[in-house]
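Take a look at the structure set out below.
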Amino acid sequence: MRTTKTGLSRRGLGTKGAAAAAAGAALASQSPTAFAQAPAVVTARMFRGWVSRGNGPGRTTLQDLRLRPIAGRQVLVRTEATNLCYSNVGVVLGLQAAPTAGARTPATAGLATAGGNDMALLQGHGGVGVVEAVGPEVRRVQPGDRVCVSGTPQCGSCYHCLRGRADVCQLLGRNLPSDLIPVAEVRDGTPVYSNSHIGGLAELMITTEEWVVPIFTRVEPRDLGMVCGCVSVAGLGATTSGTLATLAPGATVAVVGCGPLGLSAVQGARIAGASTIIGIDPIGMRRDVALKVGATHVIDPNTERNVVERVRALSAGPTTRAWAGGRDSGGRRSGAGADLVVEAAGAEWVRPKLEGGPDPSGHVPVRQAYEMCSCGGDVITTALIRGTLELPAFLFAIGGISHHGGQAGGANPMRDIPRFVEMFEKGQYDARSLATRIVPLEDMLGAYEEVAYRTTVTAIMVNG
Ligand SMILES: [Zn+2]
Ligand SMILES: [Zn+2]
């Protein structure tokens, strides 16, 4: 059995000294040989985790759980920090989505059918921590490694991974109730499963190696949890990975929705060298953060008479003379339009306690994102909306706008997440302005309410 120096006792969990020692060991260690295999690992221990079961408010409770044996490609990770993602608000707090056709999100996919609500699920979809044990088939990580448990897997050999689209790795869709395997059990023997094979809102994450990315860094858990959160990865992925669209230095970028994902896109645009970065959000506090982390302009969609026209005007450039390089669109539409638009608004689970947006369904922001884009430009959509979207047909058909949808803003986990961590280490990415609430494991539920009502930009749960 390969374990960390801290052993497997509950008392050994979560100390900063142990984390630093483990991280240090990981930094210094070398893989023994390319074909080495660890022996089988069997563990039995208790740990605490936030488990959802049943319906309605109160469905998520902190439970004492017994870990099941780690086998095959499974990886056991002691959680250091986890971002409280807005997409999980409904399942964690037991809120009902607005009755719109086609509701389906990564966090709830499959759970509305086949009795998924009766399953005991460890909530969350990713986090950061230290590997404590690995199954015999694992080779990507070793005990002692610090890792990001990514919101999107990367198997490396499926149809999509082989074609450069690791963000939509085909393992991602394998999270129906029938795909999950029990990773722990409650005292009465009820099996417990990891949400989306990963979980995150617990002292331990039990996943498989396709979801883990080794991170060789000594960054504090609260910061690493923010940088490696699904929202940061998606925002930085959309603007710096080049998977969905490329962003040229000097470009004009509009970001529709300045939650943690949009604010990461603002930062990615700055890092990539965009000259004009326009942040759009109804919440004043979020517009202030946007200006702090890189936006050159902000727009309040509640007070701006025409958001689309405003963005097109801001991106017009110094001349409208077509034959002199002017950026005017040529008469059919005013102004130029942004070279890249990142849409990151999405549908609301509950009305915010701060300023609510003009459209709780999230459809209007998507349409505006499309309309504010330059001819020849790119629109990347990241937000979760429901129902059927309407777009101007003429513009959609022959307007010269390229739309890109995907997971995680197109980020390739193994290639991009270490790069994002380096952006934080070098002072390029500001994590602390986004992680405006830090809570211990026990206070997770209250922090999730703050995320739901948008009284914080986002929140990080820290374990230990
Ligand atoms: Zn997420
Ligand atoms: Zn794959």
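The values are calculated or read from the model by the stated rules, or taken from the named source; none is laboratory data. What you see is a predicted model, and the numbers here were worked out from it, not measured in a lab. Note: ideal-geometry Cβ built from the backbone for every residue, glycine included; neighbour counts use all protein chains shown. Note: accessible area is taken over every heavy atom of the protein model, side chains too, but ligands, DNA and RNA are not part of it. Shrake-Rupley method; radii C 1.70, N 1.55, O 1.52, S 1.80 Å.
Could you tell me whether the range 373-395 includes any residue that is without any contact (Cβ under 8 Å) to a residue 12 or more places away in the chain and open to solvent by 60 Å² or more (accessible area, probe 1.4 Å)?
Scanning the range 373-395, I find at least one residue that is without any contact (Cβ under 8 Å) to a residue 12 or more places away in the chain and open to solvent by 60 Å² or more (accessible area, probe 1.4 Å), so the answer is yes.
Going by what's in this entry, would VAL342 be described as buried (at least 23 other Cβ atoms within 10 Å of the Cβ) and either on the phi < 0 side of the Ramachandran plot or assigned to a loop (DSSP other than H, G, I, E, B) (or both)?
Yes: the conditions hold for VAL342.
Answer yes or no: is there a residue in the range 350-367 that is among the hydrophobic types (A, V, I, L, M, F, W, C), part of a loop (DSSP other than H, G, I, E, B) and more than 30 Å from ARG327 (Cβ to Cβ).
yes
Might you check whether a residue that is more than 30 Å from ARG73 (Cβ to Cβ), touching a residue at least 40 places away in the same chain (Cβ under 8 Å), of a type in the set (Lys, Arg) and assigned to a helix (DSSP H, G or I) occurs anywhere in the range 271-287?
Yes, the range 271-287 has at least one match.
Can GLY406 be described as under 17 Å from the mean Cα position of the chain (by Cα) and open to solvent by 10 Å² or more (accessible area, probe 1.4 Å)?
Against the criterion (under 17 Å from the mean Cα position of the chain (by Cα) and open to solvent by 10 Å² or more (accessible area, probe 1.4 Å)), GLY406 qualifies.
Taking GLY400 and the conditions (1) closer than 22 Å to THR243 by Cβ; (2) at pLDDT below 95; (3) part of a helix (DSSP H, G or I), which numbered condition does it fall short on, given that it satisfies the others?
(3) is the only condition that GLY400 fails.
Regarding ARG327, is this residue open to solvent by 60 Å² or more (accessible area, probe 1.4 Å), touching a residue at least 40 places away in the same chain (Cβ under 8 Å) and in a loop (DSSP other than H, G, I, E, B)?
Spelling it out, ARG327 is indeed open to solvent by 60 Å² or more (accessible area, probe 1.4 Å), touching a residue at least 40 places away in the same chain (Cβ under 8 Å) and in a loop (DSSP other than H, G, I, E, B).
Within the range 148-172, can you find the residues that are farther than 20 Å from GLY72 by Cα and without any contact (Cβ under 8 Å) to a residue 40 or more places away in the chain?
TYR159, HIS160, CYS161, LEU162, ARG163
Quick check on the range 130-148. Is at least one of its residues closer than 19 Å to VAL91 by Cα and crowded, with 18+ Cβ neighbours inside 10 Å?
Taking every residue of the range 130-148 in turn, none turns out to be closer than 19 Å to VAL91 by Cα and crowded, with 18+ Cβ neighbours inside 10 Å.
Which condition does ILE198 not pass, out of (1) more than 23 Å from THR61 (Cα to Cα); (2) surrounded by 24 or more Cβ atoms within 10 Å (Cβ to Cβ), if it passes all the others?
If we test ILE198 against (1) more than 23 Å from THR61 (Cα to Cα); (2) surrounded by 24 or more Cβ atoms within 10 Å (Cβ to Cβ), just (1) comes out false.
Do you know which of the residues in the range 123-173 that are more than 16 Å from ligand 1 (Cβ to nearest atom) and acidic (Asp, Glu) is nearest to ALA238 (Cα to Cα)?
ASP145
Does any residue of the range 301-314 turn out to be over 24 Å from LEU395 (Cα atoms) and in contact (Cβ under 8 Å) with a residue 40 or more places away in the chain?
Yes, the range 301-314 has at least one match.
Which of the numbered conditions does MET444 fail, given that it passes all the others? Conditions: (1) farther than 30 Å from ASP64 by Cβ; (2) in a helix (DSSP H, G or I).
(1)
Can you tell me which residues in the range 151-170 are within 20 Å of GLN123 (Cβ to Cβ) and either open to solvent by 40 Å² or more (accessible area, probe 1.4 Å) or more than 9 Å from ligand 2 (Cβ to nearest atom) (or both)?
Passing the criteria: GLY151, THR152.
Hey, any hits in the range 375-385 for a residue that's assigned to a helix (DSSP H, G or I) and closer than 18 Å to GLY242 by Cβ?
Taking every residue of the range 375-385 in turn, none turns out to be assigned to a helix (DSSP H, G or I) and closer than 18 Å to GLY242 by Cβ.
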